[in-house]
Amino acid sequence: MSKEKQELNRRLRIFSVLQFAVALILFCWLAPIQLTLAKEIPITLQSLLVVLAGLFLGARSGFVLVSIYLILGALGLPIFANGSSGIEKFYGATAGFLFSFPIAAWCAGYCGARFKNIYGVLLAFCLGHAVILSLGFAWLGFALGFDGIFNKMVLLLPGLIVKVVIGSLLVGSVRRGIQHRKNKIFLSGVSC
């Protein structure tokens with residue numbers, strides 16, 4: 001391998017590590033923001049961030065990032081909903097939501113890599129949130145009983161729709177910005 005390729009690979013690895021670190025810091029900083037609409041279920045930015053992690057970092061890196069986030073929260077860093085933390089969150093009523101996060105990030109990343117247009121992004125958001133809601137509400141149902149679960153799900157729909165729209169617009173804007181930047185760099189190297 002030539003020295004130029006080795007240097008490029010080294011820079012790409014450094015960039016990937018920095019990108020992952022910044023994403024983890026942002027995730028931990030934004031995830032505790034909470035709005036409570038239903039007694040047992042906090043509405044947070046967590047599900048939006050989980051899907052964004054998969055879409056921006058890819059399925060595998062998104063899965064790893066969200067898993068690290070969960071480990072940090074279990075170890076006591078106050079990064080879960082409303083600044084909570086601790087291992088007890090993994091056997092409480094909302095533990096199913098936490099357990100679903102890495103799976104949802106992987107699904108969103110996989111879907112986003114297969115379908116690169118806006119419909120793929122919408123599909124990734126819907127799939128990621130479907131994983132989170134189905135596993136989260138299944139656990140919640142077993143923990144608290146299935147009476148009223150449907151009503152709790154309906155309460156989350158407005159927030160879910162807002163997250164899907166905001167997330168899709170964000171991903172679309174970032175992708176357009178990256179493509180514009182690539183085109184600008186490519187065109188600036190072309191002489192007429």
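Is it the case that Asn82 is in contact with a strand residue (DSSP E or B) (Cβ under 7 Å, 6 or more places away or on another chain), of a type outside the set (D, E, K, R) and either loosely packed, with under 14 Cβ neighbours inside 10 Å or under 30 Å from Arg176 (Cα atoms) (or both)?
So Asn82 passes the test.
What pairs come up if the first residue lies in the stretch 123-139 and is surrounded by 24 or more Cβ atoms within 10 Å (Cβ to Cβ), the second is outside any helix (DSSP H, G or I) and not small (Gly, Ala, Ser), and their beta carbons are under 9 Å apart, counting only those six or more places apart or on different chains?
Between residues of the stretch 123-139 that are surrounded by 24 or more Cβ atoms within 10 Å (Cβ to Cβ) and residues that are outside any helix (DSSP H, G or I) and not small (Gly, Ala, Ser), the close pairs are Ala124/Phe115; Gly136/Ile41; Gly136/Thr94.
Taking the options Val66, Val131, name whichever one is of a type in the set (A, V, I, L, M, F, W, C), under 13 Å from the mean Cα position of the chain (by Cα) and farther than 21 Å from Leu26 by Cβ.
Val131
For the structure I just gave you, tell me whether Gly73 is out of contact with any Gly (no Cβ under 7 Å at 6 or more places or on another chain), at pLDDT 95 or above and more than 21 Å from Lys163 (Cα to Cα).
So Gly73 fits the description; yes.
So which pairs qualify, if the first residue must be in the stretch 67-90 and among the polar types (S, T, N, Q), the second must be surrounded by fewer than 17 Cβ atoms within 10 Å (Cβ to Cβ) and assigned to a loop (DSSP other than H, G, I, E, B), the Cβ gap must be under 7 Å, and the two must be at least 6 apart or on different chains?
Ser84/Pro78; Ser85/Gly76; Ser85/Leu77; Ser85/Pro78
Would you call Gly96 touching a helix residue (DSSP H, G or I) at 6+ places or on another chain (Cβ under 6 Å) and in a helix (DSSP H, G or I)?
Judged against the criteria, Gly96 is a match.
From the set of residues in the stretch 157-179 that are at pLDDT 85 or above and buried (at least 17 other Cβ atoms within 10 Å of the Cβ), which is farthest from Gly58 (Cα to Cα)?
Ranking the qualifying residues of the stretch 157-179, first place goes to Leu160.
The values are calculated or read from the model by the stated rules, or taken from the named source; none is laboratory data. Predicted model, so just to flag it, every value in this text is computed and none were measured. All Cβ positions, even for glycine, are placed from backbone atoms using ideal geometry, and neighbour counts span all protein chains on display.
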